[in-house]
1. Give me a comma-separated list of calculated 3J(HN,Hα) values for the stretch 98-109, in order, Karplus coefficients 6.51, -1.76, 1.60 applied at θ = phi - 60°, integers in Hz, x for any Gly or Pro.
2. How much length, in nm to one decimal, is gained on full extension between R61 and L167, taken as 0.36 nm per residue of separation minus their Cα-Cα distance?
3. Out of residues 5 or more away from Y292 or on other chains, whose amide H comes under 5 Å of its own, with H placed 1.01 Å from N in the peptide plane?
4. Quick one: if you stick a label point 7 Å off each Cα along the C-beta vector at K216 and L277, how many nm between them?
5. Using a 1.4 angstrom probe with every protein chain in place, what is the largest-first accessible-area order of V124, V214?
6. Accessible area of C267, 1.4 Å probe, to the nearest 10 Å²?
7. To the nearest 10 square angstrom, what accessible area does E152 show with a 1.4 Å probe?
8. What number results when the radius of gyration of the stretch 1-76, computed over Cα atoms, is divided by 2.2 N^0.38 Å?
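The values are calculated or read from the model by the stated rules, or taken from the named source; none is laboratory data. Values in this document were obtained by computation on a predicted structure and should not be read as measured data. Cβ: placed from backbone, ideal geometry, glycine included. Neighbour counts: every protein chain shown. Please note that ligands, DNA and RNA were not included when accessible areas were found on the heavy atoms of the full protein model with its side chains. Shrake-Rupley method; radii C 1.70, N 1.55, O 1.52, S 1.80 Å.
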Amino acid sequence: LHSYLRDESSRLSRLHRFYEKVQALHQDPEASVDNPLLAFSLIKRLHSDWPNVIYSDEAIRNTQELHAGLREVEQELPGAEDLDGAARALMRLQDIYALSAKGLASGVFQRAGQPPLYSPSRRVSLSADDCFHVGKVAYDTGDYYHSIAWLEEAVSLFRLSYGSWNLEDRSSLQDALDHLAFSYFMAGNISHALSLSREFLRYDPRNQRVSSNVAKYKKLLEMGTGARGRWDGQGCHGPPAPLCPSHALLGPLCPQPGPERLLRLSCSYETNSSPYLLLQPAKKEVVQIRPYVALYHDFITDAEAETIKGLAGPWLQRSVVASGEKQQKAEYRISKSAWLKDTADPVVRALDRRIAALTGLDLRPPYAEYLQVVNYGLGGHYEPHFDHATSTKSPLYRMKSGNRIATIMIYLSAVEAGGATAFIYANFSMPVVKNAALFWWNLRRNGNGDGDTLHAGCPVLAGDKWVANKWIHEHGQEFRRPCSADPRD
């Protein structure tokens, strides 16, 4: 684009100089075609100079070079799926963190009456076209709760700039009014749908479809069908509660907890009777008793974290979830992940030894899975789930080493806001602590799944969240974590 602007500016400068020269000649009262030189230059200008200017292919060449430059990088650019996913991410952040569409559009990340959850160094606002696209993504999926909020903002911004043209705009005030009117109709507010449709006709009075809608809305109002009540949409549409249970569960837990909300039960240096930890004991903080959850501070170094991220980077793929006996992509898990064997690098091998020393568990194949490295980008999240399998048909049993007995999750990066790990039934959340590792037991000593370990990855509000997961299976741990004398444990 910079090259195109430079070449076009040069072309227009030359064109401007030609115009000024011609204008000067025409405005010179002394100029007369009696002068044979002036006569010749006039004839030449009218015969060849003007056609050279008008039919010059320089502008076409410049445009072709711009197109060629785009084609070179086109495969690396985001696609429609990426754009729609980013729009859904904004709506997810809006729901989980109770943010308003108006606030987000103006660059403010704040709950009503609360201090900002995130204060960026540079405040960025969304354009009318940006808001329209977010609303259109919701509209296309029948999510009229979100489409109304974002299209309202788009209409307000388009009204402010009506009549001016922006190169980057693909939509207009008419488009926003059209979609907003139908969203209100589907939400049951027919009178407002009629008002917006009439406004649309002021700009495009010949539009037969909208004229037909106006007649339809008027008839419905005359029949007394002014409002049909709350829209009964399907799925996780609408306000966080009661339409979407997972959003209602996560809403109170996902905002970054302050120091007063974190219950610190105990802190200690731990060796776990392992020679590996004698000279450098683990810094253990017990954050919950039931379920048992412990945080190990400074579990890895910055250099180790960067090495693991670098190893995983080229292999990152959209994360999948277990679905019956198969695995598939799902909207409730938005992240990219890669798997690293312990042979991938000495750092990964050292990490396995450290986890084994810390937990006292056997990580030799097939008693533990490979290290899973996960990257959560824009609005990346994982809705409430268990790490252990809740069905014997789960793909987790293909290793033939039983269920996942324990999880250790290592935070490879810090985030500016959001991204906490929320334990739903235990009613607490753990913010991201860079280079720390979070450990918990998924199974009770009797082998049953611990229902209190239902947890979620809160959406990343700002930043880039990297974690590494190590899942340890129950086979091989019989004498390392024996059953209790109480069968209920």
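1. Each residue of the stretch 98-109 in turn: 6, 9, 8, 4, 4, x, 4, 4, 9, x, 10, 10 Hz.
2. Details: separation 106, 0.36 × 106 = 38.16 nm, distance 2.08 nm.
Length difference between fully extended and current span is 36.1 nm.
3. W441
4. Result for the modelled spin labels: 6.7 nm.
5. V124, V214
6. That residue has around 100 Å² of solvent-accessible surface.
7. Ignoring ligands and nucleic acids, E152 comes out at about 50 Å².
8. On the way: Rg = 18.2 Å, N = 76, 2.2 N^0.38 = 11.4 Å.
It is 1.59.
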